[in-house]
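A quick write-up on the structure given underneath.
The values are calculated or read from the model by the stated rules, or taken from the named source; none is laboratory data. Just so you know, these numbers come straight off a predicted model, no measurement behind them. Here the Cβ positions follow ideal geometry from the backbone for every residue, glycine too, while neighbour counts run over all protein chains shown. Just the protein is used for accessible areas: all its heavy atoms, side chains included, with ligands, DNA and RNA removed. Shrake-Rupley method; radii C 1.70, N 1.55, O 1.52, S 1.80 Å.
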Amino acid sequence: MSPATIDRLCEALRRRPAELAAARAAGTPVVGYFCCNVPEELVLAAGLVPVRLGSGGDERLVELGGRYISHQNCPFVRQNVGVFARAAGEAEGVDDSEEGARSGVGALRSAWAEHVDTVLVAATCPQIYRLGEVIESFFGRRVEILGVPRNFTSDEGRAYFRAEVAALADRLGAIGGQPVTPERLTTTVDLLARTRTAIRRLYDLQAAHPEVLSWRTVFETVHAGFVLDRGEYADLLEDLLAEATALAAEPVAELDDRIRLFLAGSVISPGDTKILDLVEELGARIVGDDLCTGLRPARQLVVKEPTLDALADAYLDRVPCAALPHLTLTGDRRLANIEASYREAGAEGVIYHSLRYCDPITFKANETKQVLGNQIPFLEIHTEYASSDTEGIRTRIDAFLEMIETAYPPKEWTDAAHNA
Amino acid sequence: MPLTTPDRVFRLPEHVKPRLDASGPIVFSDRVVSTDEIWRFLTEEAPLRFPYAFDLSGNNIARISEDVEFVSGLKAAYLTLSLYDRIEAARAAGRPIVMIQGGQHFEPYFAAGAVPLRPAYIYVWARNANEGLGLRGSDVIGNDHLEAGRRRISVDACHQVGAHGILHEGVLRVDFVAPNLALRCSDMAYLTESHRSGTHGAELLLVDYPIGDAVDKPWAYQYVADNLRRLVTTIDARTGRRTTDDDLRAEIARHNRLRRLAREFQDAWQAAPIPPTNSIDRQNISLLGNEPSLDPTAVISVLDSAITEVKARAASGVRGHGLAADPVRLFVCGSCVTADPNVVDGAGGVVVGKDDGWSETVTDAAEDGDPYLGLATQTLSWPYEQGSQARAVWTAEQTRRTRSDGLLFIYQWGCNFQSAVARLIADSVKAETGLPTAYLSSSELGKSESLEQHRTRVEAFVEMLRARKGVL
Amino acid sequence: MGLHTPALAGRAFAGVDVGSQSAKSVVLIDGRITGHALAPTGPKPEESGYEVLTSALAAAGLERSDITQVVATGYGRVSAPWSDATVTEITCHATGAHFINPRTRTIIDIGGQDCKVIGLDEDGHIRDFALNDKCAAGTGRFMELMSRILGVRLEDLGPLSLTADEQIAISSTCIVFAESEVISLLARGETPQNIIAAVHHAVARRIAGLLHRVGLEQDFLFSGGGAKNTGLVAALQQVLHADFVTIPDRDPQLLGALGAAVLASRGTRAERGTPQRSARRRRPLQASVVQLAKEPVA
């Protein structure tokens, strides 16, 4: 039985393109953005409509994008160049008749790009910065860059990012936003804090009660929040949480004893279901993640006061993206977060997934394995969106599950979420 | 005169010696190396210790220029071949060794008494620790280092990972891995981080480069300046000395002079109606504008003599050795690699410029005021490190300035940051100038066994330019 | 023909490994190999698997009905209706290696399209494993390509490479690089033996990279078609400074099928780690609920 609120989420998603069109017609610009280091609070406080961009899993869009950027860029970047190419009517020679019509994916993904006035890129990952340059040059999009310091734990990095966030507030004004007042900022900070809290609780709930909510449902619910009206979305999340909590109180007929996996690594975007599908087909389940399109942005983000400086600090002080180097192992919050989230979710193994040419995740795979793999069963998967390696990955995941079953005894069911 | 021996080994003919003598010694900051000593080193010692460098096989991309009459080219070769001994001497004298990035500035390291080495020099250092290597032996060692780095980090990394592999494997030790990031390379930050779980104990530090247009962002300049100051105080903490702002200003002045000389060389070369040197000599001398080779004073000395020589050649209409009668002029841009100059020359072209390496010499840093802010301002103005639209505009200007007949954007395996804008820049330059442009990827340049594909592509482009000019 | 005796009930088991290039089968009676077979995989893996099983049964003088349980493994396991259970080749190799030599801690397997390194604990359980990326450098297919380019028969690559007289650097990064380097070398008149030796070294380094991820622990067992290549064995021993155990008196390609047969023989015990576990794990799929990516937009 799935919660009825999910139907309302789907309905809201269907309505959304028309809403965006209406907002733009009424003179409210839509800001599409890449990367979770864009402080959405600020976009909202400026009275603009934020849409987090980025889709995955469509080899045809990857190929289309590769015509403008290079084949040595990660498939996420290539695909999203392809999204903007298609939105610009540059899809000649891309077959999107059959497969596209069946899944409707192309239509949906292009739809968000079509509804965007300005593209805002947080320069966390240098390749995503390049994505911004390419869509600006080839498709005439207005692109704004938010600088993100690589020395993000230093005082000078903090001073720089604070200044960047303050400058962004001004630039949002220049593209049609209102001045950001402490009152407006307070409202949006509170709103997004509610959203993040609800997401964390939904994650806890799916780990303990898969019969009510699957990880995939929660993951996709997070993605719905990239595009929906943020106020409506917060309400829907809280309704979903209340409904799911009530359902979870009912007795369970059969204990779910599938192997519990944790998913870490490169971005997994709407439409990219290769690994999720295989894990489910092989009879295991995912219980947690450290993905920037999943739980990670909802963790450890605390805006201490309604000021731009405090907002900048909150983004710098949370769990960082792997694209930001940390020069000591000690104090690396990325690694610490993987381990903590893994334990909280009561997982039995980590699938560390790297997209081809996603350098930060790929280059760190070996080290991450050395740090975590001593205590935690660890499977590294290096893949693209093309389906050609699906069987090879199936074998790897299947063997990993066999390894967990034989070498690691079943875990006692001890996580706090379940006991609650 | 062409110098060809049956076994294709480079040897200096005696008649060149008076020319070398006439050009004067190389003046290092702490000593003077006479032309007799340069001659002895290049004819006796170096051929025994580093035979690979004297191999004139067509597949040796780093072979010595055969234009023996251009004695400044010999002096540049002396700087490169004496590198190993000079690094070891600096190390023995207690100077900290710092791995940096190619195409960044050097002043803070020199001011703090350190020895900055870019990845290519780490390679040279590690290779030349083995004496007697032929071309093939040099390849085997280089490949071992490359693969050690890739094994540890990723096969998707560009070939600078080999220099990091050298450190990881403990082949050589450095005191710091402390590069400036710049907007040229996305691997360097991750590769620097990789040393945190290494066992070699080098101290790590990054001087960040704020991504995005820095114009009108005083905080971006301040950020880089603060990073640079942290770099110098970190090196000072190791050496126990205190580097003053005046020390840094003096170093800036020395490097400004070096950059001015590199520009003067370039201007003289470009002004000549007939290319006065072959591609490899133009490239090696130009690169000195941002490669102080452990001793900026020595490089100033070599640049001085190169300017004199190239002006004399331009005045008397000498054509660079090995060039066709009417070579097509090729501008190269892209990653920190270039078209094999020997291939270009052999196909009837000449490489007249390269964006990387040149970009760093076009602006000077202020010699007064806060030197850290001065360096930050200079770095953030380098055209190669700008957003790609601005970089394309500058690149188009350079093709005009160098009277280029075509532009090649070359990116190497693993360089996803440069490859991302290959089409963008090639298309923009074409739209702006009408020149034929092309972009191509090169696999393992610098390794002599993989040149054929590169050769075919470069030759085909040069042939196309020649056909277009009606000289084919 | 077959024994068809009730006395064989619960005593005879078979494993079938349908790989990308070849299909292998092993029959065990009372834990002893009594029959085996090896044949190229045809275009229909389902039939190839059944045929090789039939051949192995014939070699053992048995029929399908004599066999208590058959376990299928390898890429063809997904279409093996004649089997009772399927297990991945990773687990099968581990089981086979432990069966042959309980001191095995590291398996290196070079198959047709994969090369894999598997780390074992003292109980024969998989501690860790790593497979090559999508790139085929270091696999049987790569060696086949090289033999074609060089005009040398596959089985001659090993002996020929041992006569090399000079070391050449060839990239192990990527099959395309390696291929272009080999073609460059040929164009310059390099001898085939030196090139082949360099290719073996490149493959050995590639495997060393996988070993780096799993960890080096003796005893090593080298299996798969690659283990038949003496030149590759020599290169690996040189790169790893280690000796290998191979399968005594058997084709090293049989390891996966042997492991599958051993797992089949344990299959009567319903516990974790036996073929029955897959039934426990299999659950109906949960439909995607939000269907973010699937809802058409007006």
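Using a 1.4 Å probe on the protein chains only, how many percent of the accessible area of the protein assembly as shown belongs to carbon and sulfur?
Roughly 52 percent, rounded to a whole number.
Take the Cα of A:T181, step 7 Å along the line toward its Cβ, and report every residue of the range A:302-316 whose backbone nitrogen sits under 20 Å from that point.
Label zone hits: A:305-311.
Let me check against my output: what whole-number percent is the relative contact order of the range C:25-150, with C-alpha pairs under 8 Å and at least 6 apart?
Reported as a whole number, the value is 14 percent.
Normalised by the number of residues in the range A:285-420, what is the relative contact order in percent for Cα pairs under 8 Å and 6+ residues apart?
21
Quote the FRET efficiency, to the nearest 0.05, computed for A:E232 versus A:A174 with a Förster distance R0 of 41 Å and r equal to the Cβ-Cβ distance.
Plugging the Cβ-Cβ distance into 1/(1 + (r/R0)^6) gives 0.90.
Tell me the mean residue ellipticity at 222 nm calculated for the protein assembly as shown from its helices only (DSSP H runs of n ≥ 4, each -39500 (n - 2.57), averaged over every residue, nearest 500).
After summing the helix terms and dividing by the residues of the protein assembly as shown, the value is -14500 deg cm²/dmol.
Name all residues of the range B:61-80 having a backbone nitrogen under 20 Å from the label point set 7 Å from the Cα of B:A92 along its Cα→Cβ direction, giving them as ranges.
Residues B:79-80 fall inside that zone.
Which residue, A:V287, B:A53, C:P40, has the largest displacement toward the positive end of the dipole of the protein assembly as shown when charges sit on each Cβ (Lys, Arg +1; Asp, Glu -1)?
B:A53
Give the ranking of C:M146, B:M464 by solvent-accessible surface, highest area first, calculated with a 1.4 Å probe.
From most accessible down to least: B:M464, C:M146.
Would you mind getting the accessible area per residue of the range B:101-199, heavy atoms of the protein chains only, 1.4 Å probe, in Å²?
21
In nm, to one decimal, how far is the C:E46 label point from the B:L472 one, both placed 7 Å along Cα→Cβ?
About 5.5 nm separates the two model spin labels.
What's the percent breakdown of Cα-Cα distances in the range A:1-66 across 10 Å bins, shortest bin first?
Values per bin, smallest distances first: 17, 32, 37, 14, 0.
In terms of the Cα gyration tensor, with a ≥ b ≥ c the square roots of its eigenvalues, is chain A rounded because a/c is under 1.5, prolate because a/b exceeds b/c, or oblate?
rounded
Determine how large the accessible area of B:R136 is when every protein chain is in place; take a 1.4 Å probe and give Å² rounded to the nearest 10.
50
Kyte-Doolittle mean at least -0.5 and Cα extent at least 20 Å along the axis: which DSSP H helices of chain B qualify?
In chain B, the long hydrophobic H runs are B:218-239, B:296-316.
What list of ³J(HN,Hα) couplings, whole Hz, do you get for the range C:249-260 from phi and the Karplus terms 6.51, -1.76, 1.60, once you set θ to phi - 60° and write x for glycine and proline?
6, 10, 5, x, 6, 7, 4, x, 5, 4, x, 4
For the range C:1-82, with only Lys/Arg (+1) and Asp/Glu (-1) charged at the beta-carbon, what is the dipole magnitude about the Cα centre, in debye rounded to 20?
Its charge dipole is roughly 120 debye.
Suppose all protein chains stay in the model; what accessible area per residue would a 1.4 Å probe give for the range A:219-280, in Å²?
Spelled out: the 1.4 Å probe surface of the range A:219-280, per residue, equals 31 Å².
Name the shape class, rounded, prolate or oblate, that the alpha-carbon gyration tensor gives for the protein assembly as shown, where a ≥ b ≥ c are the square roots of its eigenvalues, rounded holds for a/c under 1.5, and otherwise prolate holds if a/b is larger than b/c and oblate otherwise.
Oblate.
Which angle between 0 and 90 degrees, to the nearest 10, do you get for helix A:390-407 versus the longest principal axis of chain A when only C-alpha atoms count?
50
Counting only the heavy atoms of the protein chains, how much of B:T437 is accessible to a 1.4 Å probe, in Å² to the nearest 10?
20
Quick check: the distance between the Cα centres of the range B:135-162 and the range B:457-472, to the nearest angstrom?
Between the Cα centre of the range B:135-162 and that of the range B:457-472, the gap is 34 Å.
Give me the count of lysine pairs in chain A whose alpha carbons sit under 29 angstrom apart, restricted to pairs 8 or more positions apart or on different chains.
Within chain A, the lysine pair count is 5.
Just how far, in whole angstrom, is the range A:134-179 from the range C:32-94 if you go by their alpha carbon centroids?
61
In degrees from 0 to 90, rounded to the nearest 10, what is the angle of the helix A:230-248 Cα long axis to the longest principal axis of chain A?
So the helix axis and the longest Cα principal axis differ by about 10 degrees.
Please state the charge dipole magnitude for the protein assembly as shown, taken about the Cα centre, from unit charges on C-beta atoms (+1 on K and R, -1 on D and E), reported in debye and rounded to the nearest 20.
For the protein assembly as shown, the charge dipole is close to 660 debye.
Go through A:T390, A:T124 and list them by solvent-accessible area, largest first, probe radius 1.4 Å.
Largest accessible area first, the list is A:T390, A:T124.
Please report, in debye to the nearest 20, how large the charge dipole of chain B is about its Cα centre when each Lys and Arg carries +1 at its beta carbon and each Asp and Glu carries -1 there.
Dipole about the Cα centre, nearest 20: 480 debye.
I'd like the distance separating the alpha-carbon centroids of the range A:200-242 and the range C:159-183, in whole Å.
Distance between centres, Cα-based: 54 Å.
Quick check: the angle from helix A:75-87's long axis to the longest principal axis of chain A, C-alpha only, nearest 10 degrees?
40
Choose one of B:L323, C:G15, B:T437: the residue whose Cα lies farthest towards the positive end of the charge dipole of the protein assembly as shown (beta-carbon charges +1 Lys, Arg; -1 Asp, Glu; about the Cα centre).
Looking along the dipole axis, the top candidate is B:L323.
Once Lys and Arg get +1 and Asp and Glu get -1 on their Cβ, which of B:S301, A:A246, A:L191 lies farthest toward the positive end of the dipole of the protein assembly as shown?
Toward the positive end, the furthest listed residue is B:S301.
Normalising by the residue count of chain A, find the relative contact order in percent from Cα pairs under 8 Å and 6+ residues apart.
19
Separation between the A:R142 and B:D246 pseudo-spin-labels, each 7 Å from Cα along Cα→Cβ, expressed in nm?
Between A:R142 and B:D246, the simple spin-label model gives 5.2 nm.
Compute the Cα gyration tensor for chain B, then decide on rounded, prolate or oblate, letting a ≥ b ≥ c be the square roots of its eigenvalues: rounded whenever a/c is under 1.5, prolate when a/b is larger than b/c in the other cases, and oblate in all that remain.
Since a/c stays below 1.5, the shape of chain B is classed as rounded.
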